[in-house]
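*Asks:* Have a look at the structure that comes next, please.
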There are 2 protein chains.
Amino acid sequence: MTQTLPAAPEPHPFDVATALEPIADDAWRGRTSDAYWNMVGPFGGVVAACLMRAAHDHPLRRGEPVALTVNFCAALAKGEFAVVARPARTNRSTQHWTMEMSQGDGGAVATATALFGARPATFAHRPVAPPPAPPFEETPRFPVSGLGWTDRYDFRFVEGAPDWNGDASVPAPARSVLWVGNRPIRPLDFVGLAALCDIFFGRIVHVRRRMLPFGTVSMTAFFHASAEDLAAQGDRPVLGRADARVFERGFHDQSAEIWSADGRLLATSHQAVYYRDPDGDR
Amino acid sequence: MTQTLPAAPEPHPFDVATALEPIADDAWRGRTSDAYWNMVGPFGGVVAACLMRAAHDHPLRRGEPVALTVNFCAALAKGEFAVVARPARTNRSTQHWTMEMSQGDGGAVATATALFGARPATFAHRPVAPPPAPPFEETPRFPVSGLGWTDRYDFRFVEGAPDWNGDASVPAPARSVLWVGNRPIRPLDFVGLAALCDIFFGRIVHVRRRMLPFGTVSMTAFFHASAEDLAAQGDRPVLGRADARVFERGFHDQSAEIWSADGRLLATSHQAVYYRDPDGDR
């Protein structure tokens, strides 16, 4: 008679892509994942998630996430990378971190800072409401190329889907509202939320109604969710809203909100996005 | 017969407060200035300006300002401080910097990152308009305490001035629109613009209609202005708009715009702001 042990559950591809192995004090090794590959490097959200994980999972970390800034310095090559995360200052109720991701001897591929803090129960006020949206199940799925990372998310535009066939001579609205789910589904945690903060396509391709060279160069995320909010959200899709104020000399801004399925604001994200538009040169 | 030489022009107090003296490769010494003192440390905008200056005025700096993130780790004591600024990555058209301000052997008082880039003439689009406002000269000056830094600026609220006598049981709007001028006047440059990005009072005191303990803990500024835009602005006041999306467990967000006197968006600023509200504990 032989005993059959239950198979260990397959880890989610996101957890594979953001796994970090300790290599020294404050230093970890990761490996890029084809499942989240973009055209010339990994999906930036996974880079942000790795930097968040290094600080968040560090034994010295105190408090809950408040802010994360990631500067995308260079495209990662496929293979191993190193992450260093160190507390820069620990106060009574806040803790500041600095992080850096590097590869080979080519220097920094991303720099980052993070802030964690005590989140006491006190005055709360939520003047902004979530955008109106039909349920996820009733919103058609946006067709994606099947390219690595875009296939790891389920994009369902309520408003402002890319319009590849529209009149490019007139700027389209910069604003989008969309549901985003993980494929396969995955319970939301702060590392996954950091990735979702970079989920939006650069506003330039919406406004110009065509694919153009673009990339986030700097992203700042503010976290408003508690661990209980994330547990209540579970593995359901989030509702995102993104917009831009200005496209100027090769960079545009982007501000975005990530709402829970129950209409709670989980995070806000602000980006500087690089773009080049050969037809727009003047 | 004696010759009288013309007196050297007195430096502007802002330039005194942000003066940095080189002390080593990539390292400078500054000194806090009573003219920009706040209650328990310098006005955060001057801290941001010193960090911006260290990178912006560095001989290795290439390109124009795109993004600046400053994390305020601890209040500075009066006296000397050190700033270190190093390029983390220099690409063909972008350059990433990391900066840190420290004092004595107490560790970091502020951490920062900055991004500079080539700003080519290409497709431009400005979907957001400046808020309507009467001229600066026709807007009454907001009375300030005469406390250091608040006396260095001329605040003229068009909308959403602090209402210290209102009904605190109902949250007031988080939004403000105001003119801000330097006292004395000073031509705008990128270092001065970095300071203006932190000029807004924490939204919590507007919403709660009372003074409460608060402080910016992380600020990210995106720069949309060219050197020509700043020259055209000269020493005129800027028009600011600030708002918040959420006040949650001791931190609120803030997004703000800085408009030129001619209605051009010079910079946007996004903050995480710490607050404590003894009457709001639950």
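*Asks:* Go through segment A:192-204 residue by residue and tally those that are among the aliphatic types (A, V, I, L, M) and either open to solvent by 20 Å² or more (accessible area, probe 1.4 Å) or more than 12 Å from the chain's Cα centre (by Cα) (or both).
*Replies:* The first filter runs over segment A:192-204 and keeps only residues among the aliphatic types (A, V, I, L, M), leaving A:193-196, A:199, A:204.
Applying the additional criterion that residues be either open to solvent by 20 Å² or more (accessible area, probe 1.4 Å) or more than 12 Å from the chain's Cα centre (by Cα) (or both) yields A:204.
Count: 1.
*Asks:* A further question follows. B:Trp259: more than 9 Å from chain A (Cβ to nearest Cβ), in contact with a Leu (Cβ under 6 Å, 6 or more places away or on another chain), among the hydrophobic types (A, V, I, L, M, F, W, C) and open to solvent by less than 10 Å² (accessible area, probe 1.4 Å), yes or no? Reasoning before the result, please.
*Replies:* Values: more than 9 Å from chain A (Cβ to nearest Cβ): yes; in contact with a Leu (Cβ under 6 Å, 6 or more places away or on another chain): yes; among the hydrophobic types (A, V, I, L, M, F, W, C): yes; open to solvent by less than 10 Å² (accessible area, probe 1.4 Å): yes.
So B:Trp259 passes the test.
*Asks:* Turning to a different aspect of this structure: Determine whether A:Arg141 is crowded, with 20+ Cβ neighbours inside 10 Å, closer than 30 Å to A:Arg210 by Cβ and more than 11 Å from chain B (Cβ to nearest Cβ).
*Replies:* Values: crowded, with 20+ Cβ neighbours inside 10 Å: no; closer than 30 Å to A:Arg210 by Cβ: yes; more than 11 Å from chain B (Cβ to nearest Cβ): yes.
No.
*Asks:* Of the residues that sit in segment A:144-163 and are under 20 Å from A:Gly41 (Cβ atoms) and in a loop (DSSP other than H, G, I, E, B), which one is farthest from the other protein chains (Cβ to nearest Cβ)?
*Replies:* A:Gly146
*Asks:* In segment A:8-38, which residue that is assigned to a loop (DSSP other than H, G, I, E, B) and touching a residue at least 60 places away in the same chain (Cβ under 8 Å) is least open to solvent (accessible area, probe 1.4 Å)?
*Replies:* Within segment A:8-38, the first condition is being assigned to a loop (DSSP other than H, G, I, E, B), and the residues that meet it are A:8-12, A:18-20, A:25-26, A:32-33, A:38.
Add one more test, that the residue is touching a residue at least 60 places away in the same chain (Cβ under 8 Å), and what stays is A:12, A:18, A:20, A:26, A:38.
Numbers: A:His12: 24, A:Thr18: 0, A:Leu20: 38, A:Asp26: 39, A:Asn38: 44 Å².
Checking each candidate, the answer is A:Thr18.
*Asks:* Considering only segment B:76-104, state which residues are in contact (Cβ under 8 Å) with a residue 40 or more places away in the chain and either on the phi > 0 side of the Ramachandran plot or within 20 Å of the chain's Cα centre (by Cα) (or both).
*Replies:* Going residue by residue through segment B:76-104, those that are in contact (Cβ under 8 Å) with a residue 40 or more places away in the chain are B:76-86, B:97, B:99, B:101.
If the condition is that a residue be in contact (Cβ under 8 Å) with a residue 40 or more places away in the chain and either on the phi > 0 side of the Ramachandran plot or within 20 Å of the chain's Cα centre (by Cα) (or both), then B:Leu76, B:Ala77, B:Lys78, B:Gly79, B:Phe81, B:Ala82, B:Val83, B:Val84, B:Ala85, B:Trp97, B:Met99, B:Met101 are the ones that fit.
*Asks:* Further, regarding this structure: Give the residues of segment A:262-282 that are of a type in the set (Ser, Thr, Tyr), farther than 30 Å from A:Arg126 by Cβ and open to solvent by less than 10 Å² (accessible area, probe 1.4 Å), sorted by residue number. Outline the logic, then answer.
*Replies:* Start the filter on segment A:262-282 by keeping residues that are of a type in the set (Ser, Thr, Tyr), which leaves A:268-269, A:274-275.
Within this subset, residues satisfying the condition of being farther than 30 Å from A:Arg126 by Cβ are A:274-275.
Answer for segment A:262-282, where residues must be of a type in the set (Ser, Thr, Tyr), farther than 30 Å from A:Arg126 by Cβ and open to solvent by less than 10 Å² (accessible area, probe 1.4 Å): just A:Tyr275.
*Asks:* Could you grab me the full set of residues in segment B:113-163 that are among the acidic types (Asp, Glu) and touching a strand residue (DSSP E or B) at 6+ places or on another chain (Cβ under 7 Å)? So that I can check it myself, show each step before the final result.
*Replies:* First, pick out the residues of segment B:113-163 that are among the acidic types (Asp, Glu): B:137-138, B:151, B:154, B:159, B:163.
Of everything in segment B:113-163, those that are among the acidic types (Asp, Glu) and touching a strand residue (DSSP E or B) at 6+ places or on another chain (Cβ under 7 Å) turn out to be B:Asp154, B:Glu159.
*Asks:* Name every residue in segment A:39-61 that is among the β-branched types (Val, Ile, Thr) and open to solvent by less than 30 Å² (accessible area, probe 1.4 Å), in order of residue number. Talk me through it step by step, then tell me what you get.
*Replies:* We begin by selecting, within segment A:39-61, every residue among the β-branched types (Val, Ile, Thr); these are A:40, A:46-47.
Matches in segment A:39-61: A:Val46, A:Val47.
*Asks:* Here is a further query. Based on this model, can you work out whether A:Ala49 counts as farther than 18 Å from B:Gln271 by Cα, assigned to a helix (DSSP H, G or I) and of a type in the set (Gly, Ala, Ser)?
*Replies:* On the way: farther than 18 Å from B:Gln271 by Cα: yes; assigned to a helix (DSSP H, G or I): yes; of a type in the set (Gly, Ala, Ser): yes.
So A:Ala49 passes the test.
*Asks:* Something else now. For segment B:205-250: of the residues being open to solvent by less than 10 Å² (accessible area, probe 1.4 Å) and among the aromatic types (Phe, Trp, Tyr), which is farthest from the other protein chains (Cβ to nearest Cβ)?
*Replies:* Residue satisfying both the conditions and the ranking: B:Phe223.
*Asks:* Is at least one residue of segment B:39-55 without any contact (Cβ under 8 Å) to a residue 24 or more places away in the chain and farther than 30 Å from A:Glu248 by Cβ?
*Replies:* Of the residues in segment B:39-55, the ones without any contact (Cβ under 8 Å) to a residue 24 or more places away in the chain are none.
Checked against the condition, which is being without any contact (Cβ under 8 Å) to a residue 24 or more places away in the chain and farther than 30 Å from A:Glu248 by Cβ, segment B:39-55 yields no hits at all.
The values are calculated or read from the model by the stated rules, or taken from the named source; none is laboratory data. Since the model is a prediction, treat every value here as computed from it, not as a measurement. Heads up, the Cβs are rebuilt from the backbone with ideal geometry, glycines too, and the neighbour counts pull from every protein chain shown. For accessibility, only protein heavy atoms count, side chains too; no ligands or nucleic acids. Shrake-Rupley method; radii C 1.70, N 1.55, O 1.52, S 1.80 Å.
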